[in-house]
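Reviewing the structure listed below.
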Amino acid sequence: RMIGERIVRIESDLRKVQATRRLHRAGRQRVPYRIVALVGYTNAGKSTLFNRLTRADVQAADMLFATLDPTLRALTLPHGSKAMLSDTVGFISDLPTMLVAAFRATLEEVLEADIIVHVRDISQPDTEAQKQDVESVLQQLGFDEQDEDRIIEVWNKIDRFDEAGREQLRNIALRQPRERKPFMVSAVTGEGLDALLLAIEERLGAAKNTLPLSIDAADGAGMSWLHRHTEVLDKQLDEGRYAVTVRVDKDRQDMVTRRFRPSGETAS
């Protein structure tokens, strides 16, 4: 009876977590931030990578399910735009379907993510088997081949290799198709993270348009608005006006062009 009552309480708590997640997602949909989710086999270094990218202090422990609740932090991309980075529970071999269901509230962040960063401990001898385990769990969550363009693969812990070992990894990586090329990084030292951030920004930018705009140099409020709602890629002053190049979500483009006229258009 006590076990049954505990199961009921846990299921009730999970429903509350799911409801909270839905509220959080609804709130994020009103903010122009994309979601990037870290996934990977347990102990692949996801939380260490999360801390390095966001300068946060999330528990990074060598144990199963050290991160049970996804942690969200702002991620600053190379050109100043923002995304939300989510750290999720580590996967294990033969994760039972019932356990996937129990952690669905935790793993829902993966389903909602615009980009999924699959972190692998490339120093592990069974890293390929671990990769297959992660892909199996993603399939249980509802992913299929059409979702592959949302996944960026990261080979973590390259600091554990000497130069000969790194060269061998680079040769293996170069043989992969361009769209599936893995990124070699070290979450501990920070090596390779600049290239990873550029790739995340480029992948997120695929759903955006680039606009050239002309703005009065005295319009400080307008420039501030652009920095809040778009990615400002370039800004040049010319005869009292700024020639500004921005990148914006396609569904927000009309809002920008209504407020600012594109370069080359004359004011009516």
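The values are calculated or read from the model by the stated rules, or taken from the named source; none is laboratory data. Small disclaimer: the values here were computed from a predicted structure and weren't measured. We place every Cβ from the backbone using ideal geometry, glycine too, and count neighbours over all the protein chains shown. SASA here: full protein model, heavy atoms, side chains in, ligands and nucleic acids out. Shrake-Rupley method; radii C 1.70, N 1.55, O 1.52, S 1.80 Å.
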* Asked: What does the charge add up to near Arg150, with Lys and Arg as +1, Asp and Glu as -1, over the other residues with Cβ less than 9 Å from its Cβ?
  -> -3
* Over all distinct Cα pairs, what is the inverse of the mean 1/r for the stretch 125-199, reported as the Kirkwood hydrodynamic radius in Å? -> 13.7
* **Residue-count net charge about Leu226 - beta-carbon cut-off 10 Å; Lys, Arg +1, Asp, Glu -1** => +1
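Quick one: pull the percent of accessible area on the stretch 119-165 belonging to carbon and sulfur, 1.4 Å probe, ligands and nucleic acids left out. Could the numbers behind the result be given before it?
On the way: 1030 of 2520 Å².
Reported share for carbon and sulfur atoms: 41 percent.
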* Could I have the simple spin-label model distance between Glu167 and Thr210, label points 7 Å from Cα toward Cβ, reported in nm to one decimal? => 3.7
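So, by mean Cβ neighbours within 10 angstrom, what's the order for 233-240, 151-158, 39-46, 124-131 with the highest one leading? List each step's numbers first, then the result.
Working: 233-240: 10.5, 151-158: 21.8, 39-46: 25.2, 124-131: 14.0.
Descending mean neighbour count gives 39-46, 151-158, 124-131, 233-240.
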* Structure fact -> Share of Cα-Cα pairs in the stretch 111-155 beyond 12 Å, whole percent, is 64
